[in-house]
C-alpha cells in the first residue's frame, strides 16, 4: 500500500511542474512549531510527528503539533520568492480530510511573520493519499512561507508544498480569502487579545478591491463589546498608529471595530439597520463593510468592519473638548455620552437625577476635568426634566423609528447622545448594535404578535429611558405628528417593501462565499446561540426569516403611525431639471439606498430624488 501512495504522490508533482512551467517545487530550511504530540502516550514530544515530516515526500507520515491551535509549518527559502502554487495532503486517518479545511497559507519577509500576507485558504476537505493543489494569485515575493493549521486540528497534515520563482515581486496583486476585503492581524509573540483593557501591539493588513489595494500598518488590538466579548467568536477593536480612511470610509481615523455577529446567522443585521438609519435620515450612520478576518494566520470568520463611535469628522462631527475647556463657552461642548445599562462598569460615568446610568465617551476618561463632568451631568439631567426645551426631537424620533422598524429589543438598553458647543440642545445618535434585531430575540419573538411598540412591551430599557420615550413619541401630539412625517418622507423616498427586500438579497449575494466559510469555522447553524428564538437550519432560511419580518413590519409601522403609502407619488422618468437645486434634496439609488446630497457627483443612470414633498425618478444622461 505504501508504494501505491508514493506513486499517487509523485505523479501530481510531475503534472504540477508542467503546469507552472518555469516555477518549481521550492526547498528550504523547515521552520515552524517545534513541540509535537506522541499519540501513543498523548504526551509532548520533540521526536515523533515532527515538522520535517510535512516535507519528507511520504504521505504516510504526518506533522502533529502538541498544541491544538495556532500552530504551523513552513520554509525559510533563503531569499524572497513569488509563490505561484501551493499543495497539501491530509493525514491518513478518519479525521484527516477535515483537518485541512480552513488551513491558511501565508508568506512573510520577517521570520516572526508579523508582516505576513495570505496566499491561499483551503476551502474544501482534503483527500487522503492525494496531493491537492491551488494556484496563488499574489505578485509579492516572500522569503518565509508557511501553512497554518485550522483551529483545533494540531496542524495535522501529511505533506505541504510550495511552488514559485525567485524575486522580490510587488504589491500589485494580493490574495483575498473571498470576494470580501481581507483583514489580517498578526500580534507580537503570536498572542491573542484577551480583554478590553490590554491593547496588544500588532500589525494589520487590509486587502481589498480584488487584491489591488493594501493598507498595512502597526496598530494596537484588543477585545471590545459587552456580552459579545464572551462569545467564542470574539469582537475586536483596532487602533492604528496613523489615521486612515479604511475601505473608503467617510472618516479618516485610527480606531475601527470588528463586529463579530456571532448570534446573527445572517451576518447582516447591523448593516440592514444602518441602511434603515440612512434612509430615515439620521445625520450620521456608522460606516460598515463586510470583511474576512485572519488572526495570527488563523481564519476567524466573517465580520463587519465599522466606525468606532467617536467625535470626528465623518463620524459624530462635533468639536472635541480639550483639558483646558473648563469655563465659559468652551465648557459647553462637545460631549459624546451613552445612556447605558452597563454604565456602572465604566470608569467615566454618572447617574442622572432620574436614575439613568450614563457613560461619558468624550472627553476621554483619562482627560475629563471635574468641571466638564459636572457640566454634562447637569445638562443631561436637565434634558430628562425638560425635554421639550433641550432634546432634539427629530434625531430622537428618527432613532426611535430605526429601533422599532428593525425590531431591536435593546434600542433603549444603550443610547448614544451628543451635545455641541454653544448649543443647549442634546441630539440622539448614532444607532448601534442590532444583532438581536429583525426577529432574532427569543424574548420578543415573534415581534408581530406584540400589540404595541417593542420598548413598551418586552423591550429592554435602562434607567429613565422608557418614560422619556413615552413622553416624546407616544404622549406628545407634536411628537406623534413628527414621527409620522419622518416615516412618511422615508417611505416616499424609497423605503418600500420591494426595495428593502432587494437590498437584503443584494447583501446575501455579497456574503455567499464568506458565510459558508464562517459557518464551517463556527458550526452553529443548527444550534441555539445567544438569544436565537428558532433554528432555521440554513443560511437561506435565516435570510428568508428577515425578509418575512421586514415585509410584515413595514405594513405594521404604516398602520401604527396612521400612514397610508401612495406609490403614485413617484413621478416616472422626469428629467433632472425638475429639481430645484437651490434647495436641499437627497439622492437615492433605485434600491432606495441613500447615496448623496449632491447630484453633480452622480454617474450616468436612473435615481430617486426627494425634495420637500416631491419625490421623483430622474435620469442622468
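Restricted to region 90-104, and to residues there that are modelled with pLDDT under 95 and assigned to a loop (DSSP other than H, G, I, E, B), the residue that is surrounded by the most Cβ atoms within 10 Å (Cβ to Cβ) is 92. Report yes if residue 225 is farther than 24 Å from residue 72 by Cα and out of contact with any helix residue (DSSP H, G or I) (no Cβ under 6 Å at 6 or more places or on another chain), otherwise no. Criteria met by residue 225. Residue 301 - would you say it is on the phi > 0 side of the Ramachandran plot, in contact with a helix residue (DSSP H, G or I) (Cβ under 6 Å, 6 or more places away or on another chain) and either in contact (Cβ under 8 Å) with a residue 60 or more places away in the chain or assigned to a strand (DSSP E or B) (or both)? Yes: the conditions hold for residue 301. Sort through 338, 371, 384, 365 and tell me the only one that's loosely packed, with under 15 Cβ neighbours inside 10 Å and outside any loop (DSSP other than H, G, I, E, B). Checking each option against the conditions leaves just 371.
Within region 20-46, the set of residues being exposed (fewer than 13 other Cβ atoms within 10 Å of the Cβ) and at pLDDT below 50 comprises 21 only. Restricted to region 247-277, and to residues that are out of contact with any strand residue (DSSP E or B) (no Cβ under 6 Å at 6 or more places or on another chain) and not in a loop (DSSP other than H, G, I, E, B), which residue is surrounded by the fewest Cβ atoms within 10 Å (Cβ to Cβ)? The selected residue is 248.
Residues checked against (1) under 35 Å from the mean Cα position of the chain (by Cα); (2) touching a residue at least 40 places away in the same chain (Cβ under 8 Å); (3) buried (at least 21 other Cβ atoms within 10 Å of the Cβ):
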| residue | (1), (2), (3) |
| --- | --- |
| 61 | no, yes, no |
| 71 | yes, yes, yes |
| 81 | yes, yes, yes |
| 106 | yes, yes, yes |
| 123 | yes, yes, no |
| 133 | yes, yes, no |
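Going by the structure shown, is residue 233 at pLDDT 95 or above and either in a strand (DSSP E or B) or buried (at least 23 other Cβ atoms within 10 Å of the Cβ) (or both)? Criteria not met by residue 233. If you scan region 508-540, which residues turn out to be surrounded by 15 or more Cβ atoms within 10 Å (Cβ to Cβ) and part of a helix (DSSP H, G or I)? Hits for region 508-540 are 508, 510, 511, 513, 514, 515, 517, 518, 519, 520, 521, 539. When region 449-462 is limited to residues that are closer than 17 Å to residue 531 by Cβ and touching a residue at least 24 places away in the same chain (Cβ under 8 Å), the one that is surrounded by the fewest Cβ atoms within 10 Å (Cβ to Cβ) turns out to be 458.
The values are calculated or read from the model by the stated rules, or taken from the named source; none is laboratory data. Not measured: the values here are computed from a predicted model. FYI the Cβ positions are ideal-geometry reconstructions off the backbone, even for glycines, and counts take in every protein chain you see.
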